[in-house]
Amino acid sequence: KQEVTQIPAALSVPEGENLVLNCSFTDSAIYNLQWFRQDPGKGLTSLLLIQSSQREQTSGRLNASLDKSSGRSTLYIAASQPGDSATYLCAVSLKNYNNNDMRFGAGTRLTVKP
Amino acid sequence: SQTIHQWPATLVQPVGSPLSLECTVEGTSNPNLYWYRQAAGRGLQLLFYSVGIGQISSEVPQNLSASRPQDRQFILSSKKLLLSDSGFYLCAWSVGSGGARETQYFGPGTRLLVL
């Protein structure tokens with residue numbers, strides 16, 4: 001059974017700091033891994049999608065890495081800003097072509113202080 | 001462009017009352033549709049998915065049901081709500097054959113509190 005864990009559960013940093021969010025999963029037989037952003041009481045916004053054959057993806061100040069064999073992914077945020085404050089969720093897609101079955105972590109709640 | 005709507009945004013219901021949450025997608029045809037629940041402090045859990053009108057698959061046994069009366073409409077229902085049904089409900093859509101390679105796009109969510 002696939003389990004996704006995110007550490008830490010909450011993180012508070014001063015503006016401008018670089019930070020790393022961690023995600024681990026128990027079954028390496030994944031199809032892809034996604035990082036999402038969720039603002040309070042709102043839906044999810046996809047940030048980065050890494051296919052299982054890839055090692056990393058970059059978008060602006062965000063860089064996500066994937067080490068499938070060790071069951072780990074990191075989301076690196078450079079030069080953090082108060083607008084980055086949100087909950088960040090990682091999700092893995094299982095190797096199932098009959099439905100899009102994603103398993104989510106509980107998220108890391110990030111606060112960037114001005 | 002495609003948009004996804006959910007309503008209501010917030011709902012407070014007594015235990016034992018019925019439930020109907022609606023999700024509609026605009027700007028695309030024959031989308032795959034999903035209902036997720038996010039309980040406090042926990043990750044999202046897939047409840048139902050649908051690859052077409054009248055085609056519903058359930059991921060977990062529960063007190064809820066789903067229906068897809070139209071191509072771009074997905075409804076989450078319950079005849080009698082339980083306290084444990086409280087949570088944040090998210091609808092999502094994707095386009096394709098329903099496989100794991102598709103990106104899902106999420107709606108704004110409905111916060112349900114059962115008292």
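Any residue at all in region B:71-88 that's in contact with a helix residue (DSSP H, G or I) (Cβ under 6 Å, 6 or more places away or on another chain), away from every other protein chain (no Cβ under 12 Å), of a type in the set (Val, Ile, Thr) and in contact (Cβ under 8 Å) with a residue 24 or more places away in the chain?
Checked region B:71-88: no residue is in contact with a helix residue (DSSP H, G or I) (Cβ under 6 Å, 6 or more places away or on another chain), away from every other protein chain (no Cβ under 12 Å), of a type in the set (Val, Ile, Thr) and in contact (Cβ under 8 Å) with a residue 24 or more places away in the chain.
Only residues that are more than 13 Å from B:Phe106 (Cβ to Cβ), aliphatic (A, V, I, L, M) and within 13 Å of chain A (Cβ to nearest Cβ): list them for region B:12-60, please.
Selection gives B:Ala39, B:Ala40, B:Leu47, B:Val51, B:Ile56, B:Val60.
Okay, residues lined up against (1) more than 16 Å from B:Ala92 (Cβ to Cβ); (2) open to solvent by 50 Å² or more (accessible area, probe 1.4 Å):
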| position | (1), (2) |
| --- | --- |
| B:Ile4 | no, no |
| B:Thr10 | yes, yes |
| B:Gln13 | yes, no |
| B:Ser29 | yes, yes |
| B:Leu33 | no, no |
| B:Ile53 | yes, yes |
| B:Glu59 | no, yes |
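Within region A:20-37, is even one residue over 16 Å from A:Phe104 (Cα atoms) and in a loop (DSSP other than H, G, I, E, B)?
No, region A:20-37 contains no residue that is over 16 Å from A:Phe104 (Cα atoms) and in a loop (DSSP other than H, G, I, E, B).
With the structure loaded, tell me whether B:Gln104 is more than 8 Å from chain A (Cβ to nearest Cβ), within 23 Å of A:Glu3 (Cβ to Cβ), among the polar types (S, T, N, Q) and over 12 Å from the mean Cα position of the chain (by Cα) or whether it fails that test.
no
Quick grid of which residues meet (1) under 24 Å from B:Glu59 (Cβ atoms); (2) surrounded by 14 or more Cβ atoms within 10 Å (Cβ to Cβ); (3) within 14 Å of another protein chain (Cβ to nearest Cβ):
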| residue | (1), (2), (3) |
| --- | --- |
| A:Val20 | no, no, no |
| A:Thr26 | yes, no, yes |
| A:Leu44 | yes, yes, yes |
| A:Leu47 | no, yes, yes |
| A:Ile50 | yes, yes, yes |
| A:Ser85 | no, yes, no |
| A:Ala91 | yes, yes, yes |
| A:Gly105 | yes, yes, yes |
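Just checking, which of A:Ala10, A:Ala78 is open to solvent by 30 Å² or more (accessible area, probe 1.4 Å) and either modelled with pLDDT of 90 or more or out of contact with any strand residue (DSSP E or B) (no Cβ under 9 Å at 6 or more places or on another chain) (or both)?
A:Ala10
Determine, yes or no, whether A:Arg109 is within 30 Å of B:Ser50 (Cβ to Cβ) and either within 12 Å of the chain's Cα centre (by Cα) or assigned to a loop (DSSP other than H, G, I, E, B) (or both).
So A:Arg109 does not fit the description; no.
Does region A:43-60 include one or more residues that are farther than 24 Å from B:Thr3 by Cα, in contact (Cβ under 8 Å) with a residue 40 or more places away in the chain, in a strand (DSSP E or B) and out of contact with any Cys (no Cβ under 6 Å at 6 or more places or on another chain)?
no
Could you check, for region B:36-59, whether at least one of its residues is out of contact with any Asp or Glu (no Cβ under 9 Å at 6 or more places or on another chain), farther than 22 Å from A:Leu47 by Cα, part of a loop (DSSP other than H, G, I, E, B) and of a type in the set (D, E, K, R)?
The answer is no, given that none of the residues of region B:36-59 is out of contact with any Asp or Glu (no Cβ under 9 Å at 6 or more places or on another chain), farther than 22 Å from A:Leu47 by Cα, part of a loop (DSSP other than H, G, I, E, B) and of a type in the set (D, E, K, R).
Which one is least open to solvent (accessible area, probe 1.4 Å), of the residues in region B:63-99 that are out of contact with any Lys or Arg (no Cβ under 9 Å at 6 or more places or on another chain) and of a type in the set (D, E, K, R)?
Ranking the candidates gives B:Arg68 first.
Is it fair to say B:Leu46 is of a type in the set (A, V, I, L, M, F, W, C) and at pLDDT 90 or above?
So B:Leu46 does not fit the description; no.
The values are calculated or read from the model by the stated rules, or taken from the named source; none is laboratory data. What you are looking at is a predicted structure, and each value in this text was computed from that prediction instead of being measured. Because the Cβ atoms are built from the backbone with ideal geometry, glycine has one as well, and the counts that use them run over all protein chains shown. When the accessible area is computed, the model is the full protein with side chains, heavy atoms only, and any ligands, DNA or RNA have been set aside. Shrake-Rupley method; radii C 1.70, N 1.55, O 1.52, S 1.80 Å.
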